[in-house]
Amino acid sequence: MIKGIIFDLDGVICFTDKLHFAAWKQAVEPLGIAFDEQTNDKLRGVSREQSLEIILRQNNVTLPAERKAAICRVKNEIYKSLLCDMSPADVESDVRQTLIELNKLGVKLAVGSSSKNTKFILRRLDLTKFFDAVVDGEMILRTKPDPEVFLKAAELLCLSPCDCLVVEDAVSGIDAGNAGGFVTVGIGAAANYSATRHPIRKLSEVLTLV
Ligand code: BG6
Ligand code: MG
């Protein structure tokens, strides 16, 4: 029986793809580094630092560590300023309704995200109150496909991985969920991934799995 659900944040609970895209574009293009939507798709579920490595590799550019750290800082400042335009009205009604229903059913809920902005985003969207635990990019050493973020969330929920769903939109997140022994649910791009146990088209479909 499913006792808990661990949700990825970006692409599952909220839709920040365009904001990440705009922020990376503004941070790297003035440096003569190209960045397009196709590369942005490869950054789904990938940490900020690893995202920059992917962008640099695509451009055959190598930079010293301090320079890379500075670019990541600039990207995050731009990204955070874009996040400030988000409000609770930006939460899809299907998402908010699903969280309300799951709370009523007594299913334990957590967020497991690589994003270091997770808590900030949840606050801006007024979603913090729905979750029993939040594990973010500040709390882990290894990013997805390593299962650390989800294992930590299950531990905080006091549940075994096999009793929890992991809901993900990224292939690396589905791999992380499977590696940790969770029951994986794929939405968006991850719905078409062969290793996804339960593909769904909208979040409320998780209600059929609990
Ligand atoms: C993930 C996003 O949730 O968080 C990635 O899918 C992003 O695109 C990663 O790079 C890290 O985010 P942040 O907010 O810490 O820069
Ligand atoms: Mg995601």
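Tabulated data
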| quantity | calculated |
| --- | --- |
| Acute angle (nearest 10 degrees) that the helix 48-58 long axis makes with the longest principal axis of the chain, alpha-carbon atoms | 50 degrees |
| Out-of-range pairs (alpha-carbon distance over 28 Å; input K42/K68; K68/K129; K42/K108) | K68/K129; K42/K108 |
| Radius of gyration and maximum dimension Dmax of region 17-83, Cα, Å | 10.7, 30 |
| Contour excess over end-to-end distance, with Cα ends at L82 and E37 and 0.36 nm allotted per residue | 14.4 nm |
| Proximal charge balance of S47 [Cβ under 9 Å; K/R count +1, D/E count -1] | +2 |
| Förster radius 30 Å - calculated FRET efficiency between R142 and I100, Cβ distance, rounded to 0.05 | 0.35 |
| Total charge dipole magnitude, region 1-114, about the Cα centre, Cβ charges on Lys, Arg, Asp, Glu only, Debye to nearest 20 | 380 debye |
| Ordering of 107-116, 12-21 by burial proxy (mean other Cβ atoms within 10 Å per residue, highest first) | 107-116, 12-21 |
| Gain upon complete extension [T128, E29; 0.36 nm per residue less C-alpha separation] | 32.2 nm |
| Relative contact order (%) - criterion: Cα under 8 Å, at least six apart; region: region 17-83 | 46 percent |
| Length added when fully stretched, R201-C158, from 0.36 nm per residue minus Cα-Cα | 12.6 nm |
| Percent of C-alpha pairs per 5 Å bin, the chain, short to long | 1, 7, 16, 20, 20, 16, 10, 6, 3, 1, 0 |
| Degrees separating the helix 148-157 axis from the principal Cα axis of the chain, which is the longest one | 40 degrees |
| Positive-end residue, the chain charge dipole about Cα centroid, Cβ charges, pick of A69, L31, S172 | A69 |
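Taken together, the values in this text are just the output of simple stated rules run on the coordinates, not laboratory data. None of these values were measured; they are calculated from a predicted model. Cβ sites come from the backbone with ideal geometry, for glycine too, and all protein chains shown count toward neighbours.
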